[in-house]
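Below is one structure, written out as C-alpha cells, with a few remarks after it.
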Amino acid sequence: MAMQGLLPFLAMVIVQLGYTGMNTTSKLAMDYSNMKPLVLVAYRQIFATFVMIPFAYFLERKTRPKITMSVLFQIFLCSVTGITGNQVLFFVGLQKSSLTIATALTNILPAVTFLLAVISRQESVGIKRITGQAKVIGTLLCVGGAMFLTFYNGPIINIGESKIHWKYASNSGDHSSHHQSNSVLGSLIVIASTISWAVWYIIQAKVSDQFPAPYTSTLLMCFMGSIQCAVIGVCVNHHKSDWSLNSPIRLVASLYAGIVCTALAVFLTSWTIQRKGALYVSIFSPLLLILVAIVGWAILHEKIYVGTIVGSVLIVMGLYAVLWGKDKETKMKTEGISVVMPLEMVEGSKDLELQLPKDSGSNKELIANVEENGTIKSNEDEEKNLGLS
C-alpha cells in the first residue's frame with residue numbers, strides 16, 4: 001500500500017524534473033547558441049509528431065472516431081492557439097526574461113481560463129457560494145502576483161554565488177544580463193502566451209467532446225503546428241545557419257523537448273491521472289517553479305529578487321484557491337455548477353501535447369453535477385471535458 005501511494009508521487013516529481021530540464025536546455029540554446037524561438041518550436045513539434053505516431057496508431061486504431069472536416073478545422077484552431085500562439089510566445093518571452101519569471105507566470109493559466117470560460121458562458125461565477133468566491137479571490141491573486149512580478153524587482157536576495165561553472169551556463173548568464181532591460185516585455189509576452197493557451201482550452205473542450213481520441217488529435221495538432229511554425233520560421237529566419245543543429249546544445253534542446261518531454265510525460269502523467277485523478281496532478285505545478293528557481297540560480301547564475309519571490313507566492317496562492325474551488329464544485333452531488341475548465345491544465349511548463357485524459361474505464365465512480373438549468377452531467381461527460389490532447 002505504501003509503495004502504491006509513493007509511485008504516483010515519484011512519477012509526478014520525475015515529470016516536473018523533466019520539464020525543468022526542458023525549460024533550462026531551451027533557455028541555454030536560445031542564449032548560448034542564439035537559437036531562434038520559432039526554429040526551436042518547429043523542431044520540437046516535428047520530433048513530437050514522430051513520437052506521437054505509435055501512440056495514436058496502437059492505442060486508438062480500433063476506437064478512433066471518424067475524422068470529419070469539422071473536427072480537422074477545430075484541431076487546426078487548437079494548433080494555432082495551443083502551439084503556434086502559446087509556445088512561440090512562451091519561448092520568445094523566455095528568451096527576453098529569466099527562467100524563473102517565465103515559469104512563474106505560466107501558473108496564472110487557471111485564472112485566465114476561468115475568466116475566458118465565464119466570458120464565453122461555459123462557466124458561471126457563483127459568487128454567492130464559497131467555491132465561486134475562492135475562484136474569484138484566486139483569480140485576483142494570480143493577476144496581482146503576475147503584475148507584481150512583472151513590474152517590480154526590488155532588492156536582490158543575497159544567497160551567495162553558485163559554484164557551478166559550465167560554458168553554456170556562463171554564456172547564458174551574460175545574455176541574461178543583456179536581456180534584463182527587456183524583462184518587462186518578456187513577462188508581458190509570456191502572459192500573452194498564457195492567454196493564447198487559455199483560448200486553446202476553451203476550443204479543446206469542444207474537440208474532446210466531439211472527437212474522444214486524444215492521441216490522434218494530439219498527433220494532428222503537433223503535425224499542423226510543426227507546419228505552421230516551420231513556414232513562419234522560414235519566412236522570419238531564412239538563413240540556413242538559423243536552422244542548423246550542429247551546435248550540441250541546439251540538438252539536445254530540440255530532441256529533449258520533442259521526444260523526452262513528450263513520450264515520458266505522456267506515460268507518467270496519464271498513468272498518474274488514472275490512479276489519483278486530475279487534481280493530484282495539478283498540485284505539483286508549483287514544484288516546477290521551485291526546481292526552476294534552484295536551477296536558474298545554480299546553473300544559469302540568475303539573480304533572485306524580492307519581487308520575484310513575492311509575485312510567485314501570490315500566484316501559487318491564487319492557483320491553489322482556484323483549484324480548491326474547482327475541486328469542491330466537482331464533488332457537489334446535489335447542487336453546484338457544471339465544471340468545464342480542466343483541473344490538469346496547470347500540469348508542467350505548458351506542454352499541450354502532454355495534457356492527456358483520464359481513462360474512462362479507470363474510474364467507475366459516478367459524479368453528478370447539477371447544472372443551473374436542472375440537467376445532470378455524469379462523470380463520463382465530465383471526463384470528456386477534463387480530457388485534453
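No lab work stands behind these numbers, since they all come straight from the coordinates. Bear in mind that the values here come from a model prediction, so they are computed numbers and not experimental data. When we count neighbours, we look across all protein chains shown, and the Cβ atoms used for this are built from the backbone with ideal geometry, even at glycine.
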Q: Order by neighbour count: 161, 123, fewest other Cβ atoms within 10 Å first, most last.
A: 161, 123
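Counting other C-beta atoms within 10 Å, which of 31, 242 has the fewest, and how do the rest follow?
The fewest-first ordering by Cβ neighbours comes to 242, 31.
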Q) Ranking 326, 62 by Cβ neighbours within 10 Å, fewest first, what do you get? A) 62, 326
Q. Per-residue HN-Hα couplings for segment 116-127, Karplus 6.51 cos²θ - 1.76 cosθ + 1.60 at θ = phi - 60°, whole Hz, x for Gly and Pro?
A. 5, 5, 5, 4, 7, 6, 7, 8, 9, 6, x, 5
**Q.** Cβ-based net charge around residue 296, under 11 Å, with every Lys or Arg adding one and every Asp or Glu removing one
**A.** +1
Q. What are the residues whose amide H is under 5 Å from the amide H of residue 305, where those residues sit 5 or more places off or on another chain and H is modelled from the backbone?
A. 157
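Given the pairs 27/276; 206/326; 36/66; 96/135; 276/328; 36/326, which are separated by over 26 angstrom at their Cα positions?
27/276; 36/66; 96/135; 36/326
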